[in-house]
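Encoded as structure tokens, the structure appears first; notes follow it.
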Amino acid sequence: MIGMMDKALRHVGHLVVDGIWKLGTAGRFTGYVLTRSADSLRRPQLTLNEIYFSGTLSLIIIVVSGMFVGLVLGLQGYETLKRYGSADALGTLVALALVRELGPVVSALLFASRAGSAITAKIGIMKATEQLSAMEMMAVDPFARVLSPTFWGGVISMPLLAAIFSAMGIFGGYLIGVVIIGVDSGAFWSQMQANVDLRDDILNGVIKSAVFGVAVTLIALFEGYDAPPTAEGVSYAVTRTVVTSALAVLALDFILTSFMFTGV
Amino acid sequence: MKRTTVDLWVGVFVTAGLIALFALALKVGNATTVTASNGYSVYAEFDNIGGLKVRAPVKSAGVVVGRVDGIVLDQQKYLAKVTVRLDNRYKFPKDTTAAILTSGLLGEQYIGLEAGGDTANLAPGDRIKLTQSAVVLEKLIGQFLYGKAAEGNGTK
């Protein structure tokens, strides 16, 4: 009995220490990525390739899901607002929901599962097949050559993807609300413009998505770099990337929201 | 420099992202309407501002001509001092009336300006002397009940 409890306690302690240890390593890793990022500016082609890899290739999933989220918002919003006789506020509802929350958060979740998992797999396999060690042997710094460009590619792509997501969503809401249901087009846009603020809503949404971009890309890079160099290790690392970045995005969203949207 | 296909696709992606950002800023946000930076400030004192908030619109004849810049309580007179920033394009006479109105039954509160007949215009830093406070529903109901009661006494 005591032996079992002892074992359980040891296990919990091990998990906690391990988690804190990993966090510290991740911090040092972040430092390396940031300090070696001069090369990704000096050789923009490296970063451009990464923007293509994580941004352009995520375009289709972002456009399609943004569209569908907007269509659903338009439909649900209309059904609810109709009860209070204020269907004219549909534009405001769709735009605020997308620009403030859904755009940054949902596109960050999609980005984590579409691009983050790919980044982890790429780095993990590069490490497992000793490509990173080979680079070091040739006096090429893998941080400067591979990890930093990937980081900046993700950080640049994410706000753009979130903006495309929000714009497509608003277009979807417009299609359902104005074109199909028949809400007044003028009221839809003018109420939206009257209630969406450039700084308080749109700029804060962009800041949010940039923060999510930093978080998701860093988690993906670190999990890949930290993965045990086996097929199983890489597969676990990919799973951890998606789970951890989803949790990180949602937690960060709460923190950022409580900072940004108080006192308005 | 050699151009690669990747460059083209990155260009497409970045252009699409920037267009989306600009569309959000111009079409969705209120970047095109009156901004608080180019304008002049005047202030008005109200007994009660109700639910008026900073950045609420200031309208004249239904047209947005400015925004509420700040709301403070005057510690000497115990009146709400509302600073209003008006667009440079619009000039108002010195005897303009400011009233706190509500758009619709559940809508937001805004300041309505009604121009007077004075020939001199409001200068930056001036006070709008004639004001009308927000309607407080409880007071209105109270007055109505008092009126009813008085009416009932009179007929007896």
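Residues being buried (at least 18 other Cβ atoms within 10 Å of the Cβ) and out of contact with any helix residue (DSSP H, G or I) (no Cβ under 9 Å at 6 or more places or on another chain): count how many of those fall in segment B:48-76. Before you say what the answer is, go through the steps one by one.
First, the residues of segment B:48-76 that are buried (at least 18 other Cβ atoms within 10 Å of the Cβ): B:49, B:52, B:56-58, B:60, B:65-69.
Checking the rest, the ones that are also out of contact with any helix residue (DSSP H, G or I) (no Cβ under 9 Å at 6 or more places or on another chain) come to B:49, B:52, B:56, B:58, B:60, B:65-69.
Within segment B:48-76, residues that are buried (at least 18 other Cβ atoms within 10 Å of the Cβ) and out of contact with any helix residue (DSSP H, G or I) (no Cβ under 9 Å at 6 or more places or on another chain) number 10.
Per-residue answers, yes or no, for (1) within 22 Å of A:LYS122 (Cβ to Cβ); (2) more than 21 Å from the chain's Cα centre (by Cα); (3) of a type in the set (Ser, Thr, Tyr):
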site: A:VAL16; (1), (2), (3): no, yes, no
site: A:GLY19; (1), (2), (3): no, yes, no
site: A:GLY27; (1), (2), (3): no, no, no
site: A:VAL33; (1), (2), (3): yes, no, no
site: A:ARG43; (1), (2), (3): yes, yes, no
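Yes or no, residue by residue, for (1) more than 14 Å from chain B (Cβ to nearest Cβ); (2) under 24 Å from A:THR30 (Cβ atoms); (3) within 21 Å of the chain's Cα centre (by Cα):
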{"residue": "A:SER185", "(1), (2), (3)": "no, no, no"}
{"residue": "A:GLN193", "(1), (2), (3)": "no, no, no"}
{"residue": "A:LYS208", "(1), (2), (3)": "no, yes, yes"}
{"residue": "A:VAL211", "(1), (2), (3)": "yes, yes, yes"}
{"residue": "A:VAL214", "(1), (2), (3)": "yes, yes, yes"}
{"residue": "A:PHE222", "(1), (2), (3)": "yes, yes, yes"}
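For segment B:32-39, does any single residue satisfy the condition of being modelled with pLDDT of 85 or more and crowded, with 17+ Cβ neighbours inside 10 Å?
Applying the first criterion (modelled with pLDDT of 85 or more) to segment B:32-39 yields none.
No, every residue in segment B:32-39 fails to be modelled with pLDDT of 85 or more and crowded, with 17+ Cβ neighbours inside 10 Å.
Quick test for you: out of A:LEU59, A:LEU23, A:LEU41, pick the one residue that is at negative phi and at pLDDT 90 or above.
On the way: A:LEU23 fails: at pLDDT 90 or above; A:LEU41 fails: at pLDDT 90 or above.
Only one candidate passes the filter, namely A:LEU59.
If you check every pair at least six apart or on different chains, which have Cβ atoms under 6 Å apart with a residue in segment B:134-148 that is in the same structural domain as B:LEU113 (by TED's automatic domain parsing) first and a residue that is surrounded by 11 or more Cβ atoms within 10 Å (Cβ to Cβ) and among the hydrophobic types (A, V, I, L, M, F, W, C) second?
B:ALA134/B:ILE49; B:ALA134/B:ILE100
From A:LYS122, A:LYS127, A:LYS208, grab the single residue that is touching an Asp or Glu at 6+ places or on another chain (Cβ under 8 Å), among the charged types (D, E, K, R) and in contact (Cβ under 8 Å) with a residue 12 or more places away in the chain.
The unique qualifying residue is A:LYS208.
Which residue, of A:SER148, A:SER133, is among the polar types (S, T, N, Q) and either without any contact (Cβ under 8 Å) to a residue 60 or more places away in the chain or in contact with a strand residue (DSSP E or B) (Cβ under 8 Å, 6 or more places away or on another chain) (or both)? Steps first, please.
Values: A:SER148 fails: either without any contact (Cβ under 8 Å) to a residue 60 or more places away in the chain or in contact with a strand residue (DSSP E or B) (Cβ under 8 Å, 6 or more places away or on another chain) (or both).
On inspection, the qualifying residue turns out to be A:SER133.
Of the residues A:ILE202, A:ILE164, A:ILE176, A:ILE170, only one is touching a residue at least 24 places away in the same chain (Cβ under 8 Å), farther than 30 Å from B:VAL54 by Cβ and within 13 Å of another protein chain (Cβ to nearest Cβ); which? Steps first, please.
On the way: A:ILE202 fails: farther than 30 Å from B:VAL54 by Cβ; A:ILE176 fails: within 13 Å of another protein chain (Cβ to nearest Cβ); A:ILE170 fails: farther than 30 Å from B:VAL54 by Cβ.
After applying the criteria, what remains is A:ILE164.
If only one of A:SER190, A:SER185, A:SER166 is surrounded by 22 or more Cβ atoms within 10 Å (Cβ to Cβ), among the hydroxyl-bearing types (Ser, Thr, Tyr) and closer than 17 Å to B:ALA23 by Cβ, which one is it?
When all the criteria are applied, what remains is A:SER166.
If you check B:ARG67, B:ARG89, B:ARG85, which single one turns out to be assigned to a strand (DSSP E or B), at pLDDT 85 or above and more than 10 Å from chain A (Cβ to nearest Cβ)? Outline the logic, then answer.
Details: B:ARG67 fails: at pLDDT 85 or above; B:ARG89 fails: assigned to a strand (DSSP E or B).
Going through B:ARG67, B:ARG89, B:ARG85 in turn, the sole match is B:ARG85.
The values are calculated or read from the model by the stated rules, or taken from the named source; none is laboratory data. These numbers come from a predicted model, not from an experiment. Here Cβ is always computed from backbone atoms with ideal geometry, including for glycine, and neighbour counts include all displayed protein chains.
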